[in-house]
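Beneath this line is the structure, given in structure tokens, with notes to follow.
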Amino acid sequence: MRHQSIQFTDLRGAGMVTGTGSYPSADHHSPVMMLTHYLLVLISLASLFAFTQCSPVVDSIRCSTGTTDCTITNIYGTFPDWKTCRARQVIFPTTEEQLLAAVAAASSSNLKMKVATRYSNSIPKLSCTDGEEGLLISTKFLNRIININKAEMTMTVESGARMKEVINAAAEVGLAVPHSTFWWGITIGGLLGTGSYGSSLSGKGGALHEYLVSVRMITPGPKGLGLGDAIIRYLNASHAQLQAAKVSLGVLGVISQVTLKLQPNFKRSLTYATISDSDIADRVLPFGNEHEFASIFWYPHLRMVDYAVDDRVDLAIPGNGYFRFIGFNPIPRLVSEITRNNEERIENISNSITVSNREKCMASNITRSLITSNAYGLTNDASIFTGYPVIGLQNNIQSSGDCMDDEENSLITSCAWDPRVNGLFIYETSVSIGLSKAKDFILDVQQLRDINPNAFCGLELYNGIILRYVKASTAYLGELEDVIKFDMTYYRSRNPTTPRLNQDVFEEIEQMALFKYNGLPHWGKNRNLAFDGVAEKYGSRIAEFLKVKDEFDPDGLFSSEWTDQILGIKGRTSIVGEGCALDGLCVCSQDLHCAPAKGYFCRPGKVFVDARVCTKLG
Ligand SMILES: Cc1cc2nc3c(=O)[nH]c(=O)nc-3n(C[C@H](O)[C@H](O)[C@H](O)COP(=O)(O)OP(=O)(O)OC[C@H]3O[C@@H](n4cnc5c(N)ncnc54)[C@H](O)[C@@H]3O)c2cc1C
């Protein structure tokens with residue numbers, strides 16, 4: 001284990017419910033009613049740990065007749081602009097030959113097409129093809145493990161294989177996938193589509209595309225060479241185009257197979273160390289270098305940080321620990337709906353922001369208490385948590401997603417965000433900031449926090465601000481430097497014209513990260529405003545990427561309005577209009593982009609004064 005320089009307390013003792021929550025006295029929020037509500041939430045949340053069955057995540061593509069007249073949406077059931085994308089047809093190839101034939105047929109008739117994974121975990125409209133006549137190529141049945149070369153420590157898989165299967169297959173032969181997303185429901189093709197990551201500054205860092213050995217990709221055939229309407233391209237380290245394929249946004253063609261470099265399986269020792277956030281700005285950089293899999297949950301309102309002291313340890317060290325992140329466990333429908341209902345109620349206490357904040361803090365404190373007393377889902381032996389450190393095999397610690405697939409139970413339990421349930425409905429802002437700038441960003445957020453700490457409870461209800469480390473990449477659309485990824489999850493209204501509690505605070509942090517600190521948005525998360533002009537941030541790398549795109553798909557058959565916008569080819573991602581800033585479709589520049597009739601006006605930020613945020617006045 002590497003040097004560990006921080007003192008920590010056992011998290012189980014840190015799940016406090018602080019004194020921010022005294023009951024308001026308004027009639028319709030009587031103490032008895034409130035208490036009943038919170039008891040219900042508490043009981044409901046507690047039952048999170050009791051369920052094992054789960055209605056599987058539903059496919060993102062639905063067709064009205066067989067495989068024609070189809071719609072596609074994301075895993076949350078709603079794209080940022082609330083529109084559903086349509087396609088004339090979906091095909092489900094089961095072999096590379098079928099994939100080749102499909103691309104050739106579409107290419108010969110100049111048909112727009114898009115690769116769609118089974119679940120479409122990305123929030124933005126990356127899986128949409130233009131218009132209503134396009135073709136979706138699903139990788140649902142292209143999910144086999146093709147080959148594992150133990151001697152070379154490489155593994156070749158079809159692109160629709162999920163992280164879950166990839167990790168398990170490697171572990172079966174004593175190998176480890178060095179890094180992965182925390183959620184195992186992501187396909188390897190989708191991971192390469194958006195450059196998804198875990199957390200590490202060691203070696204090549206926490207993004208799995210850095211461990212890519214080669215890909216096989218089907219693209220339209222080059223014109224005039226007599227090679228047909230589609231070809232199979234093989235790319236490895238000797239091809240510069242691999243740097244485009246590592247993070248491809250799906251615009252180069254269909255990745256058919258992926259070969260990854262693995263490692264001998266190893267164990268990790270993980271402790272969540274809870275410490276005051278007073279020195280987080282100074283700690284964040286050394287911490288990332290001290291622990292191979294360092295990551296952080298930051299709770300600004302509570303002024304607390306849970307540092308994941310997470311290191312590789314010798315395989316011989318005893319321990320059979322597992323990490324099944326609580327947020328990815330099956331949740332009873334009743335719990336989902338009560339919890340959501342409670343948050344909606346809090347958001348809509350229109351007569352007092354102070355009361356709303358107080359209640360939100362009470363809910364977030366209870367939630368944190370439950371989560372941390374269960375060590376975020378860590379167990380020492382796959383069933384209970386008895387104490388730190390939790391030591392377990394990499395494959396049992398690195399990723400989870402128990403709510404993803406189990407026996408159908410008519411939605412009695414599901415993932416918290418299942419769109420068939422009126423449960424969790426959220427935004428995810430995820431921005432990477434260069435290591436050298438992260439300290440100042442954190443100090444700015446703390447300054448904003450000090451103005452109104454309770455405003456941050458809306459983040460703490462969803463594990464606070466998550467910090468993860470990723471190294472500079474050679475991928476054209478990967479990280480430009482070593483970064484910290486700041487992830488924030490927060491309430492989204494089901495009505496895009498409804499302002500949210502403390503909307504100004506969340507908007508200010510978002511704009512600070514993106515504009516003051518020139519952060520890069522995660523391609524698979526975020527709201528439209530985050531991508532406006534993003535291509536310019538990549539400098540000359542965008543031109544390199546577009547060169548490969550023009551070579552592989554000169555007619556832009558795999559491109560769409562959205563990808564043209566984010567790549568700076570045509571148009572902007574902002575959708576400017578009345579109320580657009582309320583739902584992240586634009587940064588407000590006029591009051592009407594907020595909700596003046598409801599008291600929300602476009603005003604400068606409080607710490608980042610260049611920000612323009614929808615602020616409640618009066
Ligand atoms: C619960 C949850 C947890 C998450 N956790 C993390 C995390 O820990 N870290 C992180 O970085 N991200 C995380 N994400 C975001 C996620 O990693 C990305 O959105 C990822 O790209 C989704 O993968 P997918 O397989 O669903 O691909 P999709 O979202 O369906 O597709 C993404 C893009 O890849 C393209 N694509 C997919 N397959 C292929 C292929 N075979 N060939 C060519 N193009 C292809 C698609 O066309 C699309 O453009 C999380 C998302 C969710 C919902």
Under 15 Å Cα-Cα from LYS471, which aspartates and glutamates qualify once same-chain neighbours fewer than 8 residues away are excluded? GLU210, GLU290, GLU292, GLU479, GLU481, ASP482
Under a cut-off of 26 Å between alpha-carbon atoms, report the lysines in cross-link reach of LYS598, not counting same-chain residues fewer than 8 places apart. LYS83, LYS360, LYS606, LYS616
Please give the length that would be gained between GLN98 and ARG420 if that part of the chain were fully extended, namely 0.36 nm times their separation in residues minus their C-alpha to C-alpha distance (nm, one decimal). 112.7 nm
Report, in listed order, any pair from LYS125/LYS204; LYS164/LYS525; LYS150/LYS485 with a Cα-Cα distance greater than 25 Å. LYS125/LYS204; LYS150/LYS485
In whole percent, the Cα-Cα distances of the range 61-138 spread across 5 Å bins from 0 upward as 3, 17, 28, 25, 18, 7, 2, 0
Hull-based mean projected area of the chain, where the convex hull spans the alpha carbons, in square nanometres: 26.3
In whole angstrom, and with the biggest value first, how far do the Cα coordinates of the range 145-265 range along each principal axis? 48, 27, 26
Using only Cα atoms, locate the centre of the range 537-588 and the centre of the range 353-381, then give the distance between them in Å, rounded to an integer. 38
Cβ-placed point charges (K, R +1; D, E -1), dipole of the chain about Cα centre in debye, nearest 20: 140
Quick check: the distance between the Cα centres of the range 416-480 and the range 164-210, to the nearest angstrom? 21
Cut-off of 10 Å, at most 15 other beta carbons, DSSP loop: longest stretch of the chain lacking such GluC sites (Glu not before Pro): 153-406
For the range 273-359, diffusion coefficient by Stokes-Einstein and Kirkwood Rh (Cα), 10 °C, 1.306 mPa s, µm²/s: 95
The answer for trypsin sites (Lys or Arg not before Pro) in the range 523-578 that fall in a DSSP coil and have at most 13 neighbouring Cβ atoms within 10 Å is LYS570
Within the chain, which cysteines find no other Cys whose Cβ is under 4.7 angstrom from their own? CYS54
Can you list residues from other chains, or at least 5 along the same chain, whose modelled amide H is less than 5 Å from the amide H of CYS85? ILE72
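Read the figures in this text as sums done on the coordinates, not as results from a lab. As the structure is a prediction and not an experimental result, all values here were calculated from the model. Neighbour counts run over all protein chains shown; Cβ positions are idealised from the backbone, glycine included.
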